[in-house]
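Some notes on the structure that comes next.
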Amino acid sequence: MSIVVQKYGGSSVADVRRIRLVADRVMRTKQAGYDVVVVVSAMGDTTDDLLRLAKQVSPNPDRRELDMLLTAGERISMALLSMAIRELGGDAISFTGSQSGIITNDRHVDARIIEVRPVRLQDELANGRIVVIAGYQGVSYRREVTTLGRGGSDTTAVAMAAALGAEYCEICSDVDGVYTADPRVVPDARRIGTLSYEETQELAESGARVLNAQAVEFAKEKGIAIFARATSSSLPGADPSADGTVVRRHPPRQPGTVVGVASERDVLLIVAAFGGPERPALHQPDVERTIQPPDVGRAFQARRDASDDVLALLDDHNVTGKQLHLIGDAMTLVVSRENLHGEERLRAALAARFGDAVRVTDTLGAISVVGAGINASFDNVRRGSAALTASGASIAGIATSSFRITWMIDRERLDDAVRLLHKTFIETLG
Ligand code: ADP
Ligand code: ASP
Ligand code: MG
């Protein structure tokens, strides 16, 4: 029998009524002749509530203890959904991430899945049962409970779909697919029927919450088709792109087409300025004061050593950077705040170790346009920059990759900028 993995997000299991609706959808899938594995998120805003609670007790909470706390959220929903399915006459059993065989590294709070050993699930499926598992969590080789980073239930679902050889993996949410921009911000955003893994990954990494970037990376690696759909939708029909988004390997689109606009509000910009060639590298106070012009390579090496010190400190604080640039006298790095739970401690450590040489800015946000080949010429960069500038936004930085252009602008202007760039790059093309 074919296996289907379905994931239901927090808003889809936010209360008892919605849990019953999910149970009903799961039952319909089972009755359609599939073996069903269901992955659930914590109810509504439970994860945020638990984090708030933790921060009341400790502003820089211990990451292991955070994982012990946060995994409780998904555990509640898995048990309730399993009960609800049983009420409808289904035979369901729930498992934690650890019981499901999700083995991760030991990086607490944003662990990576290393291996999935779904033996227990396979036994239960063979017995005809519906398996409900807690998303967003696993267990390390040291038998420590871990979580997979915010939005990590998507990753659980895709990893499980890959391990079980599922026919497809449905990510069910309050929105019926991936849109050209967050439909809450851009009323004219359109659902995109089909997306490639690369486009989806870039959208997710640029802040489109609807699919988790790590989950898409997994799906790409294992060739799993993701169907992003509304929880209220019917089961996928012959053409799941008709009422949802299908992410899989697709023939390339016309190169240079912008497929979507995404933004990320909660970022920090870290700028480390190591001074000109006449200034010593930070961690080498005894280095000679003057480096002659022919020694440019050596000066760069000294600055690189200094930037390595900054990066080592960031690693010690489990900070993951998004874009690193080390050019001339400065290193810049964009850091997502999503899985950073000891910001005060990090700032204090940077100040103590590097003083004024490292500055942290938290007034900026990132806005990106995504599409294959959009940087074949500089036309798109120039068009976006001109539109942003004309709207009064001042651009603090630009970064590009072959799939993306990102502008750093004042965080307060982010939503307006998303609407503006959506108009500039997507609506104008009809
Ligand atoms: P879930 O709890 O189901 O995982 P999330 O809140 O993580 O749901 O993701 C769904 C939300 O993502 C939507 O409500 C929508 O506001 C937001 N979103 C952001 N960008 C996009 C996009 N490009 N397409 C669709 N939804 C988006
Ligand atoms: N509950 C977790 C979160 O809010 C995981 C998830 O929803 O995917 O981030
Ligand atoms: Mg999510």
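Readers should treat all values here as calculations from the given coordinates under stated rules, not as data from a laboratory. Computed from a predicted model, the values in this text were never measured in an experiment. Note that we place each Cβ from the backbone using ideal geometry, even for glycine, and neighbour counts take in every protein chain shown.
Quick notes on this one:
- For Val132, the residues whose modelled amide H falls within less than 5 Å of its own, excluding neighbours fewer than 5 places apart on the same chain, are Val38, Ile93, Ser94, Phe95.
- Across all Cα atoms of segment 322-409, the radius of gyration (one decimal) and Dmax (whole number) stand at 15.5, 44 Å.
- Among the trypsin sites (Lys or Arg not before Pro) in segment 220-273, those placed in a DSSP loop whose Cβ has at most 12 other Cβ atoms within 10 Å are Arg249.
- Based on every Cα atom in the chain, Rg and the maximum pairwise Cα distance Dmax equal 23.3, 80 Å.
- Expected 222 nm ellipticity per residue - DSSP helices of 4 or more, -39500 (n - 2.57), all of the chain, to 500: -11000 deg cm²/dmol
- Annotation: lysines with alpha-carbon distance below 27 angstrom to Lys55 (same-chain offsets under eight excluded): Lys322.
- Antiparallel bridge percentage (DSSP; both residues within the chain; nearest 5): 60 percent
- Cα-derived Rg over Rh, computed across segment 1-84 with Rh taken as Kirkwood radius: 1.10
- Modelled spin labels at Ala79 and Leu21, positioned 7 Å past Cα toward Cβ, are 2.5 nm from each other.
- Here's the picture: charge each Lys and Arg Cβ at +1 and each Asp and Glu Cβ at -1 in segment 120-222, and of Thr155, Tyr168, Tyr136 the one pushed furthest to the positive end of that dipole is Tyr136.
- Lysines whose Cα lies under 23 Å from that of Lys7, excluding same-chain neighbours fewer than 8 positions away: Lys30, Lys220, Lys222
- Mean separation of Cα contacts under 8 Å, 6 or more apart, over the residue count of the chain: relative contact order %: 14 percent
- Judged by the mean number of other Cβ atoms found within 10 Å, the most tightly packed of the peptides 120-130, 74-84, 411-421 leads the ranking 74-84, 411-421, 120-130.
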